[in-house]
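So the structure is just underneath, and the comments pick up after that.
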Amino acid sequence: MVNKTWFDICAEQDLTLDSGVCALFDDEQVAIFKCSGDEDLFAISNFDPIGEANVLSRGIVGSIGEKRVVSSPLFKQHFCLKTGECLEEADMNLKTYDIRSHQGTIQLSHKAVG
Amino acid sequence: MNQQIVNKQDRKRVVVIGNGMVGHRFIENLVDANDANQYEIVTFSEEPRLAYDRVQLSSYFTGSTAEDLSLTSEANYTANNVNYTLSDKVVSIDRTAKTYCTEKGLTESYDVLVLATGSFPFVPPIPGNDQQHCHVYRTIDDLDAITASAQDSKTGVVVGGGLLGLEAANALKELQLDTHIVEFAPRLMAVQLDEGGGNLLRRKIERLGLTIHTEKATENIQPGENHRYRMNFADGSHLETDMIVFSAGIRPQDELAKQCDLTMGERGGIVVDNQCKTSDPNIYAVGECALWEGRIYGLVAPGYQMAKVAAAQIAGHQDEFTGADMSTKLKLLGVDVASIGDAHGQTEGCQSFIYQDDLNQIYKRLIISKSGKKLLGVVLVGETENYGPLLQIMLNGIKLPNKPESLILPDSDGSGGGIGVEALPDAAQICSCYDVSKGQIGSAVENGCMNLGDIKTATEASTGCGGCAALVKQVVDNKLASLGIEVNNDICEHFAYSRQELADIIRVKEVKTFSDLLTSHGKGFGCEICKPAVGSILASYWNEHILKSDHLPLQDTNDVFLANMQKDGTYSVIPRIPGGEITPEKLIVIGEVAKEFSLYTKITGGQRIDLFGAQMHELPLIWKKLIDAGFETGHAYGKALRTVKSCVGSTWCRFGVQDSVGEAIRIEERYRGLRSPHKLKMAVSGCTRECAEAQSKDVGIIATEKGWNLFVCGNGGMRPRHADLFATDIDTATLIRYIDRFLMFYVRTADRLQRTSVWLENLDGGLEYLKQVIIEDSLGICGELEAEMTSLVDTYECEWKATIEDEQKLKRFNHFINADNKDSNVIFVSERDQKRPATKDERSKLEGVAN
Ligand code: SRM
Ligand SMILES: Cc1cc2nc3c(=O)[nH]c(=O)nc-3n(C[C@H](O)[C@H](O)[C@H](O)COP(=O)(O)OP(=O)(O)OC[C@H]3O[C@@H](n4cnc5c(N)ncnc54)[C@H](O)[C@@H]3O)c2cc1C
Ligand code: SF4
Ligand code: FES
């Protein structure tokens with residue numbers, strides 16, 4: 001098995017609980033969220049495919065049923081933070097990333113393909 | 001346009017016999033189709049008044065007047081050239097001569113006849129049934145007679161335990177009589193309910209103190225010993241009473257048809273075809289007198305459909321009556337009862353689910369097809385919440401969920417149970433009284449109807465029996481949500497409270513953070529609905545900076561970045577310009593800032609200036625310059641006070657009687673920053689010419705010779721509403737006191753995203769009540785309200801000033817947390833010498849060039 005490569009983004013303390021920031025990672029805009037609850041870090045694409053703008057890190061996070069979601073600040077659709085699926089429009093899926101906090105630093109990595 | 005003119009002699013004479021609910025509806029439909037004035041419309045009513053709402057007849061006992069019930073007026077008929085005769089009955093028809101005669105001796109001709117004679121109450125042929133205090137329950141005159149009898153009666157009996165019988169019983173109870181119901185069948189509402197439902201209904205009604213006698217056949221009515229009459233039953237028992245109301249079913253009023261030999265049903269009723277034509281092609285029959293495929297429909301909705309079909313037919317259009325559904329939902333004697341489709345489970349091979357809750361007195365039965373896929377019938381007693389969706393499943397043959405029983409089981413997981421309205425096809429009929437489909441309601445919403453009131457006006461949905469109201473609301477909410485419009489509802493899946501309730505909890509329990517509120521009163525992790533709502537309530541009461549880290553995650557992006565997000569993710573900047581007054585120096589600063597950051601500049605509809613196209617990282621830089629020049633935030637992003645518009649007033653204007661600009665500025669500075677359920681707009685005009693349009697604002701002030709007139713609860717926007725005059729000729733101190741109280745009372749009691757106009761419309765007691773609370777202090781809270789406002793005014797700070805002074809807060813304004821780059825997706829082009837976001841086409845061209 002190949003070792004996963006992690007990239008440092010910022011200090012965990014730079015994040016505000018229950019809100020998002022945008023990170024530049026491998027030339028891609030990634031929305032990073034730190035949430036209350038057990039599973040707390042999420043990373044999805046920052047591009048809202050419906051509003052067609054880089055804004056998802058600026059949405060409100062919360063839950064719909066069991067799913068942790070962010071709501072687009074433009075037209076309020078919900079995107080699942082874990083899977084990237086859009087709850088309102090089935091064909092609008094976001095790319096997701098692996099994220100972790102390692103010794104106080106937030107790190108991102110591409111999802112393993114396959 | 002080439003107006004078609006028809007000679008009076010050439011016009012077809014359409015004569016409507018009977019001006020009840022259906023006859024009237026027919027006339028309405030024909031008037032609508034009669035723009036070329038091709039018909040002469042004539043109607044006769046045996047009753048002394050034009051059509052009224054028989055369905056709501058019982059409300060006559062609870063305060064409605066004959067006028068409230070009326071469906072039209074003589075003036076309206078006259079205006080539409082409808083020729084009417086009251087208190088006269090058509091007694092014969094000569095089909096060969098095409099004439100008719102009335103009781104009072106009129107003989108006239110017709111081209112087309114419409115029989116809308118309705119039905120009459122069936123009175124069983126019991127000896128003694130025609131005495132003075134024996135009544136029926138069908139007309140306003142009947143109700144007057146019942147009221148008169150009740151005045152010297154102690155006990156009353158209703159013969160018949162069907163739907164109308166129970167309504168009559170309720171009326172007797174309202175008239176303070178000791179009320180009994182005598183029914184021939186073994187249970188109540190035998191037509192609509194199965195045994196389980198009927199039994200529960202009986203228990204519930206008995207608990208209200210009514211006495212029910214089932215399986216009783218009355219043999220005769222004789223003088224009583226303790227009461228006026230004695231009813232003797234076939235089983236040897238008897239009952240004494242002072243008055244009797246017969247409600248043992250209806251019979252079609254078909255005398256006339258019989259007299260002129262139209263084809264009749266075996267047990268009465270005028271036979272009609274799918275076009276509502278009788279056996280004579282010049283005669284139609286509609287409503288309760290018509291027999292279609294062997295059925296009489298005793299409900300108003302099918303009658304209305306017939307009226308529509310007959311009118312279309314006469315006007316030369318195609319339309320067909322294809323039967324109607326007889327499902328019903330009612331509140332009888334305070335008990336919710338509903339029956340859908342095959343309530344008795346008579347369909348071959350059908351199966352049932354029954355849910356019975358003795359504790360809460362609820363009975364529900366679901367009758368489904370042999371295959372388990374289709375819903376055939378439903379009985380609901382005690383709780384009818386799911387009537388709408390269930391009816392739609394049945395009518396549209398929607399496939400049942402895997403566990404059909406979930407449709408009647410209590411909703412333990414809060415998921416709402418049943419099917420959502422989104423599953424319904426657009427053709428699904430939502431309101432059967434007015435034949436309004438889901439699609440029609442949807443288009444009304446698209447055309448700007450935002451709430452039930454608007455929908456009622458536009459489509460007539462829910463203005464008949466009202467049974468569809470809950471469903472109409474769901475369709476509207478669903479549609480609004482799908483259009484991305486914020487629905488004015490109570491809160492969301494995370495809190496089972498309305499905004500007002502949450503506000504009370506927060507105020508009374510002094511809750512200071514969202515997470516505390518979620519732990520004590522909610523579940524899940526919140527969402528974009530409850531978070532900003534709670535954020536706004538917290539701000540209304542405790543007025544802490546909204547970007548304090550506890551509150552930050554609660555705010556919409558507009559509030560987080562203290563600016564309005566635009567379509568491309570950039571923001572607009574609106575500094576406050578109180579009263580619209582601005583110095584040349586400040587104007588120049590705005591110009592300079594706009595130039596430096598290359599911002600699109602526009603005068604807004606609110607007397608100030610909007611700068612568009614700022615990127616997130618530029619916001620603090622822009623605001624630093626504006627604040628240094630003495631500007632402060634304009635709160636264009638918040639649910640807060642927007643602007644106080646002013647006219648130039650007495651300072652310059654030759655008509656002005658007070659300093660409207662000065663007052664507007666004082667008011668804007670007092671209430672700036674106030675967070676509220678929805679945005680607030682105000683205006684001050686210097687005289688009655690009203691150049692500031694104060695009467696279209698939440699708070700409007702108009703100068704008078706003696707002081708100020710205060711108007712409240714107006715707005716423009718999607719549903720404009722003129723403000724109501726609240727107080728006249730008050731001095732400035734009183735003005736401020738009233739506004740303080742008014743605003744805090746609104747903050748306390750309004751729903752999420754409810755403008756003051758809608759809030760007032762929903763306030764019990766309306767404007768008068770509001771005046772009592774605010775002017776007379778009827779609740780004794782004015783002191784509190786004023787103190788709350790004073791504390792808010794005292795703790796005001798400009799959010800932008802506080803932000804640019806705080807390193808920690810400024811960090812948020814970088815597009816990337818780990819790089820200084822800008823968002824490469826933001827692309828502008830130039831138009832009329834300013835920039836604007838590139839369109840999709842322009843964007844792809846520009847990117848093509850770049851690549
Ligand atoms: C900028 C402006 C249009 C303009 O170029 O003139 C404007 C722009 C917006 N209006 Fe407005 N409205 C503006 C004056 C008005 C007016 C006229 C007025 O205030 O005299 C009205 C009708 C009057 C009224 O509200 O009673 C108005 C009725 C609305 C409504 C409908 C409100 C309603 O109750 O029906 C919305 C939607 C909402 O608030 O939910 C809205 C919402 C908006 C939003 C916030 C929509 C959005 O979410 O992007 C726009 C954002 C402004 C921005 O990005 O800065 N805007 N809007 C005006 C700003 C005035 C100001 O100086 O603050
Ligand atoms: C108390 C009560 C409650 C009801 N509740 C409901 C309900 O909740 N839901 C529902 O769907 N339905 C309800 N109904 C039934 C509904 O009112 C009728 O279906 C509806 O009124 C039928 O309309 P129509 O025009 O056919 O008959 P009607 O409204 O009875 O009108 C017929 C009119 O014609 C007049 N007339 C008859 N013969 C002549 C003649 N020869 N010359 C001149 N005039 C004549 C009559 O006097 C009468 O005014 C209720 C009825 C009553 C009495
Ligand atoms: S309302 Fe009109 S007329 Fe009156 S002072 Fe203002 S500008 Fe003048
Ligand atoms: S179904 Fe009767 S009003 Fe809509």
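We did not get these values from a lab; they are worked out from the coordinates using the rules stated. The shown structure was predicted, so the numbers you read here are calculated from the model rather than taken from an experiment. Cβ placement follows ideal geometry from the backbone for every residue including glycine, while neighbour counts extend to all protein chains displayed.
One residue stands out among those in the stretch A:50-64 that are among the β-branched types (Val, Ile, Thr) and over 16 Å from residue B:531 (Cβ atoms): the one that is nearest to the other protein chains (Cβ to nearest Cβ), which is A:55. Restricted to the stretch B:544-570, and to residues there that are outside any loop (DSSP other than H, G, I, E, B) and crowded, with 21+ Cβ neighbours inside 10 Å, the residue that is farthest from the other protein chains (Cβ to nearest Cβ) is B:559.
Here the stretch B:577-601 is the region considered, the condition is being touching a helix residue (DSSP H, G or I) at 6+ places or on another chain (Cβ under 7 Å) and buried (at least 21 other Cβ atoms within 10 Å of the Cβ), and the residue that is nearest to the other protein chains (Cβ to nearest Cβ) is B:593. Taking the criterion of being β-branched (Val, Ile, Thr), within 14 Å of another protein chain (Cβ to nearest Cβ) and under 27 Å from residue B:455 (Cα atoms), the residues of the stretch B:475-533 that qualify are B:485, B:487, B:491, B:529.
Taking residue B:627, is it closer than 25 Å to residue B:809 by Cα, in contact (Cβ under 8 Å) with a residue 12 or more places away in the chain and surrounded by fewer than 21 Cβ atoms within 10 Å (Cβ to Cβ)?
Yes, satisfied.
In summary, strands (runs of 3 or more DSSP E) completely within the stretch B:339-441 and bearing 2 or more residues that are within 16 Å of ligand 4 (Cβ to nearest atom), surrounded by 15 or more Cβ atoms within 10 Å (Cβ to Cβ) and not aliphatic (A, V, I, L, M) occur at B:429-431. Considering only residues in the stretch B:278-299 that are within 22 Å of residue B:110 (Cα to Cα) and of a type outside the set (A, V, I, L, M, F, W, C), the one that is surrounded by the most Cβ atoms within 10 Å (Cβ to Cβ) turns out to be B:287.
Of all residues in the stretch B:67-122, those satisfying the criterion of being of a type in the set (Gly, Ala, Ser), outside any loop (DSSP other than H, G, I, E, B) and more than 44 Å from the chain's Cα centre (by Cα) are B:92, B:109. Given the criteria away from ligand 3 (no atom under 16 Å from the Cβ), touching a residue at least 24 places away in the same chain (Cβ under 8 Å) and more than 14 Å from chain A (Cβ to nearest Cβ), does residue B:103 qualify? Against the criterion (away from ligand 3 (no atom under 16 Å from the Cβ), touching a residue at least 24 places away in the same chain (Cβ under 8 Å) and more than 14 Å from chain A (Cβ to nearest Cβ)), residue B:103 does not qualify. For the stretch B:26-34, indicate whether the set of residues that are within 8 Å of ligand 2 (Cβ to nearest atom) and either more than 26 Å from residue B:285 (Cβ to Cβ) or in contact with a helix residue (DSSP H, G or I) (Cβ under 7 Å, 6 or more places away or on another chain) (or both) is non-empty. No. You will find that of B:805, B:768, the residue that is among the charged types (D, E, K, R), within 21 Å of residue B:721 (Cβ to Cβ) and surrounded by fewer than 19 Cβ atoms within 10 Å (Cβ to Cβ) is B:768 and no other. Within the stretch B:74-109, the set of residues being touching a Pro at 6+ places or on another chain (Cβ under 9 Å) and hydroxyl-bearing (Ser, Thr, Tyr) comprises B:87 only. Find all pairs meeting these conditions: Cβ atoms under 6 angstrom apart; at least six residues apart or on different chains; first residue within the stretch B:451-464 and on the phi > 0 side of the Ramachandran plot; second residue away from ligand 3 (no atom under 16 Å from the Cβ). Here the result reads B:460/B:434; B:462/B:431; B:462/B:456; B:462/B:468; B:462/B:469; B:462/B:472, each pair linking the stretch B:451-464 to a residue that is away from ligand 3 (no atom under 16 Å from the Cβ). On inspection, residue B:634 passes the criterion of being crowded, with 18+ Cβ neighbours inside 10 Å and within 13 Å of ligand 1 (Cβ to nearest atom). Screening the stretch B:163-244 for strands (runs of 3 or more DSSP E) wholly inside it with 1 or more residues that are among the β-branched types (Val, Ile, Thr) returns the ranges B:178-182, B:211-213, B:218-223, B:238-241.
For the stretch A:36-49, a residue qualifies if it is more than 7 Å from chain B (Cβ to nearest Cβ) and in contact (Cβ under 8 Å) with a residue 12 or more places away in the chain, and the qualifying residues are A:39, A:41, A:42, A:43, A:44, A:45, A:46, A:47, A:48, A:49.
Charged (D, E, K, R) and out of contact with any strand residue (DSSP E or B) (no Cβ under 6 Å at 6 or more places or on another chain): does that describe residue B:705? So residue B:705 fits the description; yes.
Among the residues examined, residue B:604 does not qualify as within 14 Å of another protein chain (Cβ to nearest Cβ) and surrounded by fewer than 23 Cβ atoms within 10 Å (Cβ to Cβ). Within the stretch B:442-462, count every residue that is crowded, with 18+ Cβ neighbours inside 10 Å and within 16 Å of ligand 2 (Cβ to nearest atom). Residues meeting the conditions: 2. The set of residues in the stretch A:65-88 being within 9 Å of chain B (Cβ to nearest Cβ), surrounded by fewer than 18 Cβ atoms within 10 Å (Cβ to Cβ) and touching a His at 6+ places or on another chain (Cβ under 9 Å) consists of A:88 alone.
Taken together, the residues in the stretch A:16-34 that are out of contact with any Pro (no Cβ under 9 Å at 6 or more places or on another chain), at the interface with chain B (Cβ under 7 Å from one of its Cβ atoms) and crowded, with 22+ Cβ neighbours inside 10 Å amount to 3. Picking from residues in the stretch B:443-473 that are assigned to a loop (DSSP other than H, G, I, E, B) and within 16 Å of ligand 1 (Cβ to nearest atom), the one that is farthest from the chain's Cα centre (by Cα) is B:447.
None of B:87, B:109 is farther than 27 Å from residue B:249 by Cα and surrounded by fewer than 14 Cβ atoms within 10 Å (Cβ to Cβ) except B:109.
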